[in-house]
Amino acid sequence: MSSLSSKILVINTGSSSLKFQLIEMYEERSIIRGTCERIGEEMGHIEYNKKGRIWNIDVPMADHRAAFAIIKKMLIEGETRGVKSLDEIAGIGHRAVQGGEKYVEATLVTQDVKDAITEMIPIAPIHNRATLSGFEAAEEAFGDLIPQVAVFDNAFHNTMKPEAYIYALPYEFYTDYKIRKYGYHGASHRYVTERLRELYPAYRRVISCHLGNGASLCAVLDGKCVDTTMGLTPLGGIMMGTRCGNIDPAIIPYLQNTTGMTADEIDYIMNNKSGLLGLSGVSSDLRDVEAAAAEGNYRAQIALDLFVYTAATYIAAVTVSLGGLDAIIFTAGIGENDPGMRKMICDRLKHFGVEIDDKINNEVRRRECSIASLDSKVGIFVIPTNEELVVARDTYKLIRSMKGDDLDD
Ligand code: ADP
């Protein structure tokens with residue numbers, strides 16, 4: 001048995017939010033989880049959950065440092081306490097979204113890592129600035145006491161071949177400006193595909209469908225990513241809640257020339273006012289769009305149809321990288337909870353031998369389950385995602401190897 005503490009604090013920093021989770025790694029059990037929201041606003045909010053007991057606290061948090069200071073205090077003091085002292089926390093694992101091509105493994109947060117993330121700010125401005133401020137805030141709160149590890153979300157996609165990640169632009173755009181497909185949602189795609197390999201190792205050619213507000217597909221061959229739908233940024237690929245996904249690139253200069261909108265204005269609309277929201281005019285939330293479509297709202301119906309059509313079309317497209325298809329996994333908000341959407345997507349893939357079991361599918365919400373009919377030639381699964389656990393596992397593994405801890409016990 002190891003002498004190293006077995007608790008990992010996972011941090012996922014957004015521009016105005018901070019999600020945290022303290023995980024006990026022997027049993028991979030969450031002890032504390034929570035979210036700080038509206039950081040930087042006049043009044044912020046913290047939801048803090050200790051083994052099912054929940055505290056909701058309204059408190060101003062000027063920045064991520066202020067949020068961290070409060071969380072640190074709650075972790076070690078009073079009824080909210082999760083550890084007796086900070087040295088019970090073996091490491092802090094940060095979910096870092098975009099580290100470029102350099103990092104394929106979890107890595108200690110060093111100046112080099114910060115520089116790599118800074119260099120990628122033009123490509124992922126919101127995410128990478130948030131990650132950097134998460135590092136700083138954690139360093140300030142915990143000093144050198146606890147090692148900090150960055151787990152890069154795009155690392156899972158670094159196994160793609162050039163044919164999957166290069167755009168047909170002048171090659172210098174790749175070498176000089178780093179323009180290529182990077183992919184996102186890596187921790188989620190990795191978690192669900194690794195889980196399927198544990199459960200059914202025979203499925204070699206797998207497509208993971210992360211369908212949430214942001215949505216992407218990932219083709220995974222023998223556990224390695226061979227293609228994914230998001231691109232240089234999370235705007236690419238299939239249609240999403242507020243993002244348009246892939247469109248004819250000529251639309252952008254056409255809009256600039258005909259409306260006078262700037263590139264930034266168009267970028268904002270494509271990221272925030274498009275997708276389900278832009279088409280339906282109702283909401284970015286699929287439940288609202290489905291309700292509106294059921295009442296006969298034409299635009300909502302188009303939004304729904306296009307969501308199904310693009311998801312199914314891209315599933316078909318990425319089978320090329322796999323040379324066939326053994327299993328499909330549905331995960332994230334929509335994939336885990338919406339049987340109607342799962343059915344509509346699978347029904348468009350019947351020519352691949354994809355056959356869903358309607359009865360089982362209708363009963364499955366947010367739990368691991370096979371939803372394929374007995375006749376299906378392709379496995380179909382719902383697997384709830386767990387991105388934090390991926391970050392915690394990688395962080396723990398790195399810290400144990402650094403400390404010379406026996407990884408096999
Ligand atoms: P994010 O990308 O913000 O993490 P989520 O994974 O939470 O997004 O997914 C949000 C989406 O999941 C929304 O479109 C919402 O409609 C959908 N969703 C969540 N719960 C359900 C549910 N019970 N039934 C249908 N859709 C759901």
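The values are calculated or read from the model by the stated rules, or taken from the named source; none is laboratory data. A quick note: this is a predicted structure, and the numbers were derived from the prediction, not measured. Note: ideal-geometry Cβ built from the backbone for every residue, glycine included; neighbour counts use all protein chains shown.
Observations on the model:
- Single residue of the range 350-409 satisfying the filter (assigned to a helix (DSSP H, G or I) and aromatic (Phe, Trp, Tyr)) that is farthest from Ser30 (Cα to Cα): Phe352
- Positions within the range 191-220 being farther than 13 Å from Ala311 by Cβ, away from the ligand (no atom under 16 Å from the Cβ) and surrounded by 18 or more Cβ atoms within 10 Å (Cβ to Cβ), in sequence order: Thr193, Arg195, Leu196, Tyr203, Arg205, Val206, Ala219, Val220
- Reported count of residues in the range 18-42, each being in a loop (DSSP other than H, G, I, E, B) and either in contact with a His (Cβ under 8 Å, 6 or more places away or on another chain) or closer than 19 Å to Ala187 by Cα (or both), is 4.
- Subset of the range 326-345 that is away from the ligand (no atom under 16 Å from the Cβ) and crowded, with 18+ Cβ neighbours inside 10 Å - its residue that is farthest from the chain's Cα centre (by Cα): Ala327
- Selection count, the range 294-307, where residues are of a type outside the set (Ser, Thr, Tyr), more than 12 Å from the ligand (Cβ to nearest atom) and assigned to a helix (DSSP H, G or I): 7
- Against the numbered list (1) surrounded by 15 or more Cβ atoms within 10 Å (Cβ to Cβ); (2) in a loop (DSSP other than H, G, I, E, B); (3) modelled with pLDDT under 95, Met61 comes up short only at (3).
- Whichever residue in the range 244-293 is within 13 Å of the ligand (Cβ to nearest atom) and assigned to a loop (DSSP other than H, G, I, E, B) and, among such residues, is surrounded by the fewest Cβ atoms within 10 Å (Cβ to Cβ): Asp285
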